[in-house]
Amino acid sequence: MTVTSLGIPRRLLEFTLDGQEVRVPEGATILDACRAAGKDIPTLCHGDTLTPKNACRVCVVEVEGSRTLVPACSRRAEAGMEVRTQTERARHSRKVVLELLASSADLSTTPRAAEWIKEYEAKPDRFGPDAARLNEQPRIDNELYVRDYDKCILCYKCVDACGEQWQNTFAISVAGRGFDARIAVEHDAPLTDSACVYCGNCVEVCPTGALSFRSEFEMRRAGTWDESAQTETTTVCAYCGVGCNLTLHVQDNEIVKVTSPHDNPVTHGNLCIKGRFGYQHVQNRG
Ligand code: SF4
Ligand code: SF4
Ligand code: FES
């Protein structure tokens, strides 16, 4: 039997996951239980530091007695429930979701997307060349990060990170409706004319690379971005007394981006502009 731990001691619930009895603490989601049991359920809009949005539905599973498929990332486990993750219906639904997403957005920098498309035998091409792509150029209007909305799956994670869930800056929102819906700043202005404070917390949560560090964007464009050659070192930001944790991603002895551990109890992966982007002086060796 698998037992999922969520840190704080809580009452345990027992339910059936793919025919096996599992125990999870009260409050755990079906996804938490799946991950503890080593089951690989695809997720895109789920963020470990954000409230579930239920936007993408790529994580759906079947729950006995439920008329519709349920999103594993947000549905809390209940005692006695029977969950099946690999039924034909659940797998077919994940496949169609992947096809719809991959036909309308460029998933080339979405970690694991290619693997899932293969596993579910998804065929995004069947929607033809008229699929609702934005077909627009990346927006490069500042030195710190790039917005490439051709890669956006409208998962809203950036909006939530910028808004009430973390940054409370509300610089970005969803503009338009239906096929015209897109993430934008007010009046669709350049970022430099917006309320953005360049904390990069939206970049931290973006699952597709639609938002990416300028350094990463330029290196990918030049063909020099190589994650296998990068090291990650977590250290403490020296700019102020809060003591945020910074994870420095280093390639060829240069810092190429800065992230922050999501399990840090103070910052939960969030930083300010200084910690996130203010590292150039470290490598000014001239
Ligand atoms: S960098 Fe920070 S302030 Fe700017 S849009 Fe992203 S989350 Fe909002
Ligand atoms: S820019 Fe990224 S985080 Fe924001 S909605 Fe698009 S895919 Fe999601
Ligand atoms: S990951 Fe569960 S709905 Fe998107």
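The values are calculated or read from the model by the stated rules, or taken from the named source; none is laboratory data. Just so you know, these numbers come straight off a predicted model, no measurement behind them. No Cβ is skipped: glycine too gets one built from the backbone with ideal geometry, and neighbour counts run over all protein chains shown.
Looking at region 54-80, which of the residues that are part of a loop (DSSP other than H, G, I, E, B), surrounded by fewer than 20 Cβ atoms within 10 Å (Cβ to Cβ) and in contact (Cβ under 8 Å) with a residue 24 or more places away in the chain is farthest from the chain's Cα centre (by Cα)?
It comes out as G80.
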Exercise for review: Scan (1) outside any loop (DSSP other than H, G, I, E, B); (2) farther than 18 Å from Y149 by Cα for the single condition F170 breaks and write down its number.
Suggested key: (1)
Review point. Does region 191-205 hold any residues that are touching a residue at least 60 places away in the same chain (Cβ under 8 Å) and over 17 Å from the mean Cα position of the chain (by Cα), and which are they?
Key: V197, Y198
Review point. Which condition number in (1) touching a residue at least 40 places away in the same chain (Cβ under 8 Å); (2) surrounded by fewer than 14 Cβ atoms within 10 Å (Cβ to Cβ); (3) of a type in the set (D, E) is the one that D188 fails?
Key: (1)
**Study point:** Set R182, R220, R177: member being modelled with pLDDT of 95 or more and either among the charged types (D, E, K, R) or more than 24 Å from T51 (Cα to Cα) (or both)
**Key:** R220
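Look at E115 and say whether it is in a loop (DSSP other than H, G, I, E, B) and loosely packed, with under 14 Cβ neighbours inside 10 Å.
On the way: in a loop (DSSP other than H, G, I, E, B): no; loosely packed, with under 14 Cβ neighbours inside 10 Å: yes.
In short, no.
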Revision key, fill the gap. When region 241-277 is checked residue by residue, the ones that are small (G, A, S) and buried (at least 16 other Cβ atoms within 10 Å of the Cβ) are S260, G269, G275
